[in-house]
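Structure record follows, encoded as structure tokens.
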Amino acid sequence: MSYNFFAYLSRMRYIGRWSLMRNAMPENIQEHSHMVAVIAHALAIIRRDVFGVPCDPEEYAAVALYHDCSEILTGDLPTPIKYHSPEIMAAYRQVEGLACRKLLDTLPDELRPAFEPMLSGVTQARCRDLVKAADKLSAYIKCIEERRAGNDEFLSAERQTRRTLEECGLPEVDYFLRHFIPAFELTLDELGTIED
């Protein structure tokens, strides 16, 4: 029997983000999910190795990889609509939950228990703080990149996202902002070369 789960996941590259904004560099949810996973992994390492809080960075990375997979079936609802009211947010969460259940149904029975926690269960809840922060950091980096490409469309989003990050109260985010975000303002020549 053939199962469709991974064929659906491969279609993440066709779902664009920031659909209401003019983009100098279009971004899809597959690219975004990769960046969120990289950042969530880093934030969890910072939590563990800098702040001494036990956690599993690989678990955070896995949850982040799948954090937007419901959008394969729902599309990426623009932020002004998604967060317009508590009623819309609650309804959209229900739709996301249904989409995740539909995706889980495209896996063989023996694989579902491994994927279910990442898509809708305990693991997702346990990792929510850093994955949500990684999602915001990815959005902030996108805003920086658009501004640097001469696109003023993202200036307000950049300011608002930075403020949200600064106010989130996570020391891992403060560490990332302080140590890693400044490099996103540099050109490739300014970054220098990686030497052996």
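The values are calculated or read from the model by the stated rules, or taken from the named source; none is laboratory data. From a predicted model like this one, the values you see are computed outputs, not experimental measurements. Cβ placement follows ideal geometry from the backbone for every residue including glycine, while neighbour counts extend to all protein chains displayed.
Values as computed for the structure displayed
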item: Residue among ILE88, ILE72 that is exposed (fewer than 14 other Cβ atoms within 10 Å of the Cβ) and assigned to a helix (DSSP H, G or I); result: ILE88
item: From the options SER120, SER85, residue that is within 21 Å of LEU9 (Cα to Cα) and hydroxyl-bearing (Ser, Thr, Tyr); result: SER120
item: Spans of helices (runs of 4 or more DSSP H) in the stretch 125-196 with at least 2 residues within 14 Å of ILE39 (Cβ to Cβ), out of contact with any strand residue (DSSP E or B) (no Cβ under 7 Å at 6 or more places or on another chain) and of a type in the set (Gly, Ala, Ser); result: 128-148
item: Residues of the stretch 14-37 classified as free of Cβ contacts under 8 Å to residues at least 24 places away in the same chain and surrounded by 12 or more Cβ atoms within 10 Å (Cβ to Cβ), total; result: 3
item: Of all residues in the stretch 96-146 being within 17 Å of the chain's Cα centre (by Cα) and hydroxyl-bearing (Ser, Thr, Tyr), the one that is surrounded by the fewest Cβ atoms within 10 Å (Cβ to Cβ); result: THR123
item: ARG93 vs. criteria part of a helix (DSSP H, G or I), modelled with pLDDT under 90 and out of contact with any helix residue (DSSP H, G or I) (no Cβ under 9 Å at 6 or more places or on another chain); result: yes
item: Matching residues in the stretch 6-49 - criterion: being assigned to a loop (DSSP other than H, G, I, E, B) and closer than 15 Å to THR74 by Cβ; result: ILE15, ARG17, SER19
